[in-house]
Amino acid sequence: MGISFHITSVREGTLFNVMQFLSLERVTGVLSVRFGRQIPDVTIYFVAGNITTAEFGALVGDAVLDMLLCQEFAVKEVAFAPGRITQVNEQAIIVRSSNIASVLLNVSKDVDKCESRPFIYGLLPVNSSYGQTSPSILHVLHDFDQWQPELSKIPEAGRDKNAPLPQCRLIHRALSRGIFAYQRPLISIKMLKPLLAILDPLTDKESNNLRGYLRSLLPHPKATHLSIERFYAFASAIESIAQRRSTEVGERARRAIHLLIQNATKLSQPEDINEASHA
């Protein structure tokens, strides 16, 4: 029997550590990365500790690693099952597979340079102007062959953002033109500053707690927006601190929170996205 495991608490850096472990143990088998029950798994094949192929529907090879590192905050579970690989998808071969640490370092550099990343949120559902919907951006990437014909028709413009993956360039272009629109209202992180100012002066403990909590709620570290549901959670923490200050400060915070929610619900998606694109 070879090594097998199932991790259900995935934190930042978990994938890197898992892949390094599998490389050092020189395992052969399949690493499954799961974003949730409704989203297909990523499958990464190891042979004697080397990554050989990676697949996520239409996304294959090195591109899968870029996507995984970018959207690691969306990963729910990681599992490994030992076993020989009987058939190899030639299109899914990892080009840079000789050294895991080197591979992941290069992928990390790719992701850091991505200009499209701040407004690509893997788990959020989207609508399209031509009537097609998707349960998430990750579904769009997985089934990209179905989306590419329409997305490729969108003309380039000065607001286009670069990305290591051509799929992400097209997705961001669609978002910035209103061809794609997230189904849920979003709150710009920029808009939190006036809300936090109501609490001034914050103690070091309050400041550190709020900063850490906000980071845990972001879709990924480079995100420019929060989904409305996650904003509710953050707003609750702000309101709690404000109420401890005084009844008056608590009321000011509640009014500011209500106004933010109201504005986010009313904002048209293209305007909201253009703000994010220029952030």
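The values are calculated or read from the model by the stated rules, or taken from the named source; none is laboratory data. Everything numeric in this text was worked out from a predicted model, so none of it was measured. When we count neighbours, we look across all protein chains shown, and the Cβ atoms used for this are built from the backbone with ideal geometry, even at glycine. All accessible areas refer to the heavy atoms of the entire protein, side chains included, with ligands and DNA or RNA removed. Shrake-Rupley method; radii C 1.70, N 1.55, O 1.52, S 1.80 Å.
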Any hit, segment 211-218, residues being assigned to a helix (DSSP H, G or I) and more than 21 Å from the chain's Cα centre (by Cα): no
Helices (runs of 4 or more DSSP H) wholly inside segment 122-197 containing at least 2 residues that are open to solvent by 30 Å² or more (accessible area, probe 1.4 Å) and either within 29 Å of L260 (Cα to Cα) or basic (K, R) (or both): 166-177, 192-197
Scope segment 136-188; condition aliphatic (A, V, I, L, M), farther than 14 Å from S116 by Cβ and under 15 Å from the mean Cα position of the chain (by Cα); matching residues: L138, L186
From V27, V10, residue being open to solvent by less than 20 Å² (accessible area, probe 1.4 Å), in a loop (DSSP other than H, G, I, E, B) and either at pLDDT 90 or above or among the hydrophobic types (A, V, I, L, M, F, W, C) (or both): V27
Segment 91-121: number of residues that are in contact with a Gly (Cβ under 9 Å, 6 or more places away or on another chain) and loosely packed, with under 13 Cβ neighbours inside 10 Å: 2
Segment 35-57 - residue that is among the aromatic types (F, W, Y) and under 18 Å from H142 (Cβ atoms) and, of those, most open to solvent (accessible area, probe 1.4 Å): Y45
Options V60, V88; residue that is open to solvent by 60 Å² or more (accessible area, probe 1.4 Å) and either free of Cβ contacts under 8 Å to residues at least 40 places away in the same chain or under 23 Å from F144 (Cβ atoms) (or both): V88
Test for V78: is it touching a helix residue (DSSP H, G or I) at 6+ places or on another chain (Cβ under 8 Å), of a type outside the set (S, T, N, Q) and open to solvent by less than 10 Å² (accessible area, probe 1.4 Å): yes
